[in-house]
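Read through the structure below, which is laid out as structure tokens, and then see the notes.
The values are calculated or read from the model by the stated rules, or taken from the named source; none is laboratory data. Since we're looking at a predicted model, the values are computed, not measured. Reconstructed Cβ throughout: ideal geometry from the backbone, glycine too, with neighbour counts over all protein chains shown.
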Amino acid sequence: MRYLLALPLLAASPAFAQDQMDHAGHHQHTSAPTSADPSGSSTGTPGSVSSGDAMESPEAMDHSMMNGSMDHSGMDHMQMGHGMGMTHGSAAPMPAGDIPQAPPPAEAFSGPDFAADQFVGADVMAASRMHVVREASGMPVFWLMADRAEFHAHEGKDGYTWDVQGSYGGHIDKLWFKSEGEGNFGEKPERAEVQALWSHAIGPWWDLQAGVRQDLAGPSRAHAAIGVQGLAPYLFEMDAAAFISNKGDVTARVEGELDQRITQRLILQPRAEINLAAQDIPELGIGSGVDRIEAGLRLRYEIRREFAPYMGIAQEWKVGTSADYARASGEEASVTNFVVGVRFWF
Amino acid sequence: MMSEIDRRKFLTAGAASMGTLGLMQAMPAWATGHANGTLARRGSDVLAGEHLTMTVADAAFRTGKRYGPAVTVNGTLPGPLVRLKEGQNLVVDLVNHSSGGTSVHWHGLLVPFLMDGVPGVTMAAVKPGETFRYEFPIRQSGTYWWHAHTLQEPMGHYGPIVIDPLEPDPFTWDREYVLMLSDWSPMHPMTVMKKLRTQADYFNYHRTTATDDYALSGAERRMWAKMRMSPTDIADIGGWTYTYLINGHGPDDGLELPFTPGERLRLRIINGSAMTFFNIRVPGLPMTVVAADGQNVNPVETDEFQIGVAETYDVLITPQNADAFAFVAESIDRSGMGVAMLASRPGARASVPALRKPPVLTMADMGMAMNAGAMAGMDHGAMDGMDMSGMDMGTGKGNTGSGMNMRDTARLPASVKAGPGMDMVAMHPADRMDFPGLGLDQAGHRVLTYKQLTAARTNPDLRRPSRLKEIHLTGNMERYMWSFDGQKFDAVTDKPIRFAFNERVRVRLVNDTMMVHPIHLHGHFFELVNGAPSDRQPRKHTVNVQPGGSATFDLTADTPGDWPFHCHLFYHMHQGMFQIVTVRPLQEGAGQ
């Protein structure tokens, strides 16, 4: 079977030098000048190619190519025939600059929109076309990623953090889902929220996202959310959003992270997050201005692209009035956690 | 002690199964790598004559350690070699025994448009259980190929075509081999697409890291990061996913091609890959290129050439003075290779060269040739070491203070819609027909370029083009969006590229991306404007447009109908880089 494609050609014909291939009538042109000046052989203005100039039948072309238009082709067959080194012909190519950009001639707009419709059936082709348009223009894709799904250990109190997002959609418009939260084992979650967003590409690297956020821990709050997510210069993954709650409180959050590849699979990821508030929200322990800052450094190993265990360190600071609120309720304003988790997506 | 171990075991097993479950749920059953159907045989049988039957079936395929679902035609991967004679008529009954829609596109053949085999354009996909009859005359000779124009193509639905000429070719040979290159993965095409959309560099394990040994300075690395681009984006999918096949044989499958020392071999090389360009070499032997895309060219002797997806090259070699020679098809990103062994006796083996160092992109690939048209004189080698951070001088307007603007949309013609689907605009797109291909500009030996190709016969239409049509190749790697003139197929389904019947047009393709795109027009040959005399411009059906550069061809729109025009990188086509060319008016009996 390995030899199936072996097709020895019996009785190979004697060498056919280029000059001997007389069937197309090359010889009549061997005396043509060796340097044709194509710019001198103007065939007129755009759209002026009349059907009289055109060949009658495409099939006939191969055998009737030596017509009058051959005169300005100018080529040296003696040279061509031994053309091993024929990389720079003596006849110059026509420079593009001489040929004007122009719209197609009128007849190019004639006839049916879709040529196959009349032969195959317009309904059949419309259905087939719809299928192919969908298939060849970026079908919708579903994606879900847990960027952080981790345990943290801090002075005997073990806790957890999740940061999950997913999307469904095409290249430009997507439904986007986000959820994040944290807490200690055996207690109610400290923070928990979900967001449902519409995401629309507004540039090569940025999506505009708008939708709603529902807080699931602490006093019930719903928010309207608007933000941008994308890739900043130097490959920072950014997510910035502003929220206005059903109580009228305005807050904002900016997150950034950067993948620093150490090897193809070992990746160090610095991460920072800053939370801002436009007013004091004592009920939530949030003070106006800078509320809370998080910084983390995580080292992950991509066993597969989709599955990467990691370990790292995460630091959180409550700032200003938020720090006062925290201390007042017996919490620490600054917490350092060692984290271990897994980043996965599918 | 025991319980401790047991608990650990349990946790490990638990975590593993959860991971697996999570992955499984996201994939439909057919995407999980379960193959159904019989194991495909490697290599092609030969189909010859006027009436052929091609039967498509679901199958499984195994190569090396990889095993997974495949699609076969007549039970083999690749499918049958269709061997024809110029001037004959051809009838093919395509029988679909597979579970998916199918078709056969005759790549490079001049057919009436209804026989072109493209669902949604020239026919509806042939449904499971259905049959479709192709019928057309054979009007040409040379090396071509056929493939499905559906998701089945990358799964194995492709095969070679050889058409013997009426008039003998202007060269001779003693023995010939058809070598069909392809890339195969057990991963289903839909899954591949999803991964690319989720993380565009998912399949690339040649990325820059803190520990790599690429010859890139810190400043260059920062510049690439600032641009949000990757200098190692050479191929979207590499050898970590693909096995590179020659006639269905992986590099370890021992494909052997017998020869008698001193005889002249004609190799008909076809790149039937979904996504892979190959660097072709037979170490120790010069190759004489005698045909490109099925059309004879004046012989050019070379040591290596890069073959784009969907191109074909015929070369002559004369192996002697050794027992064996390795035929090597190295992937453009140097992540794997296909290997066949030319052997003068069974079992003879030549050493297979190691994979060379993977290339990185240069300024020219960013479209930053300083003077358009001056590329020929530029030393690409010198550019590698240049400090690109100082690159903002001389790039003209569009600079924003400290840096350069890699996406200056003011440079684009009005026909290009610069939306989120474009991450770059080539600043000075120069003609790059003299470029041998990514990674081959310093190969240390002769490498073929398009500039070296001249048609062996005078071209059929010698009229000067009446107009110039410029088309931009556009994309956004991060979003994995690809398009022409910034518009995916869904935006231009009813806005085709229009040509009048028998109109002679010069088409200039400008590549506003950092990838090389093999652009294919169905149903026609065009002539590369490569500096050859205008009547000897080489005829091709597929042209590689180098990153940040341009390529120009002359086209006579001599066959009425609707013709796909697309990037032949499978996943680029499927993410939007596809459009219809219309040739009007339709003639009486067009399509028959």
Item checked: Of all residues in the range B:510-537 being under 17 Å from B:SER483 (Cβ atoms) and in contact with a Ser or Thr (Cβ under 6 Å, 6 or more places away or on another chain), the one that is farthest from the other protein chains (Cβ to nearest Cβ) -> B:PRO518
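Working carefully through the options B:PHE277, B:PHE203, find the one that is in contact with a Pro (Cβ under 9 Å, 6 or more places away or on another chain), among the aromatic types (Phe, Trp, Tyr) and at pLDDT 95 or above.
Checking each option against the conditions leaves just B:PHE277.
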Checklist line | Residue selected from the range B:89-105 under the condition more than 14 Å from chain A (Cβ to nearest Cβ) and closer than 20 Å to B:LEU166 by Cα, by the criterion surrounded by the most Cβ atoms within 10 Å (Cβ to Cβ) | finding: B:LEU90
Checklist line | Single residue of the range A:223-239 satisfying the filter (crowded, with 17+ Cβ neighbours inside 10 Å and of a type in the set (Gly, Ala, Ser)) that is nearest to the other protein chains (Cβ to nearest Cβ) | finding: A:GLY230
Margin query: Among the residues of the range A:145-155, are any at pLDDT 95 or above, crowded, with 17+ Cβ neighbours inside 10 Å, closer than 26 Å to B:VAL492 by Cα and not aromatic (Phe, Trp, Tyr)?
Written below: no
Item checked: Sole exception among (1) surrounded by fewer than 23 Cβ atoms within 10 Å (Cβ to Cβ); (2) under 19 Å from B:ARG539 (Cβ atoms); (3) of a type in the set (D, E, K, R) for B:GLU130, by number -> (2)
Item checked: Matching residues, the range B:112-135, being more than 9 Å from chain A (Cβ to nearest Cβ) and among the hydroxyl-bearing types (Ser, Thr, Tyr) -> B:THR131, B:TYR134
Checklist line | Of all residues in the range B:532-564 being among the hydrophobic types (A, V, I, L, M, F, W, C) and more than 27 Å from B:MET406 (Cα to Cα), the one that is surrounded by the fewest Cβ atoms within 10 Å (Cβ to Cβ) | finding: B:LEU555
Checklist line | Residues within the range B:248-297 that are over 27 Å from B:ASP333 (Cβ atoms) and hydroxyl-bearing (Ser, Thr, Tyr), tallied | finding: 2
Margin query: If I go through the range B:242-254 residue by residue, how many of them are under 26 Å from B:HIS188 (Cβ atoms) and within 11 Å of chain A (Cβ to nearest Cβ)?
Written below: 5
Notebook entry, point to check: Does the range B:569-585 include one or more residues that are more than 10 Å from chain A (Cβ to nearest Cβ), under 17 Å from B:GLY437 (Cα atoms) and either in contact (Cβ under 8 Å) with a residue 40 or more places away in the chain or buried (at least 24 other Cβ atoms within 10 Å of the Cβ) (or both)?
Noted result: yes
Checklist line | Leading residue by the ranking (farthest from B:PRO533 (Cα to Cα)) among those in the range B:480-491 that are at the interface with chain A (Cβ under 7 Å from one of its Cβ atoms) and touching a Gly at 6+ places or on another chain (Cβ under 7 Å) | finding: B:MET481
Check: Just checking, how many residues over the range B:71-85 are part of a strand (DSSP E or B), buried (at least 24 other Cβ atoms within 10 Å of the Cβ) and not aliphatic (A, V, I, L, M)?
Finding: 1
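Can you tell me which residues in the range B:160-171 are within 12 Å of chain A (Cβ to nearest Cβ) and surrounded by 18 or more Cβ atoms within 10 Å (Cβ to Cβ)?
B:PRO160, B:VAL162, B:ASP169, B:PRO170, B:PHE171
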Check: Which ones in the range A:119-145 are part of a loop (DSSP other than H, G, I, E, B), of a type in the set (Gly, Ala, Ser) and more than 7 Å from every other protein chain (Cβ to nearest Cβ)?
Finding: A:GLY121
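Going residue by residue through the range A:280-303, is there one that turns out to be part of a loop (DSSP other than H, G, I, E, B), free of Cβ contacts under 8 Å to residues at least 60 places away in the same chain and under 32 Å from the mean Cα position of the chain (by Cα)? Step through it out loud before you land on a result.
Filtering the range A:280-303 for residues part of a loop (DSSP other than H, G, I, E, B) gives A:280, A:285, A:287-288, A:302-303.
Add one more test, that the residue is free of Cβ contacts under 8 Å to residues at least 60 places away in the same chain, and what stays is A:280, A:285, A:287-288, A:302-303.
Pick out the ones that are also under 32 Å from the mean Cα position of the chain (by Cα) and you get A:302-303.
There is at least one residue in the range A:280-303 that is part of a loop (DSSP other than H, G, I, E, B), free of Cβ contacts under 8 Å to residues at least 60 places away in the same chain and under 32 Å from the mean Cα position of the chain (by Cα).
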Check: Is there a residue in the range A:301-308 that is more than 14 Å from chain B (Cβ to nearest Cβ) and buried (at least 16 other Cβ atoms within 10 Å of the Cβ)?
Finding: no
Check: Scanning for something over 21 Å from the mean Cα position of the chain (by Cα), without any contact (Cβ under 8 Å) to a residue 24 or more places away in the chain and within 12 Å of chain A (Cβ to nearest Cβ), does the range B:172-186 turn up at least one residue?
Finding: no
Margin query: I need a count of the residues in the range B:480-492 that are part of a loop (DSSP other than H, G, I, E, B) and buried (at least 22 other Cβ atoms within 10 Å of the Cβ).
Written below: 4
Note to self: If B:THR276 meets every condition in (1) assigned to a strand (DSSP E or B); (2) more than 13 Å from chain A (Cβ to nearest Cβ); (3) among the polar types (S, T, N, Q) apart from one, which number is that one?
What the structure shows: (1)
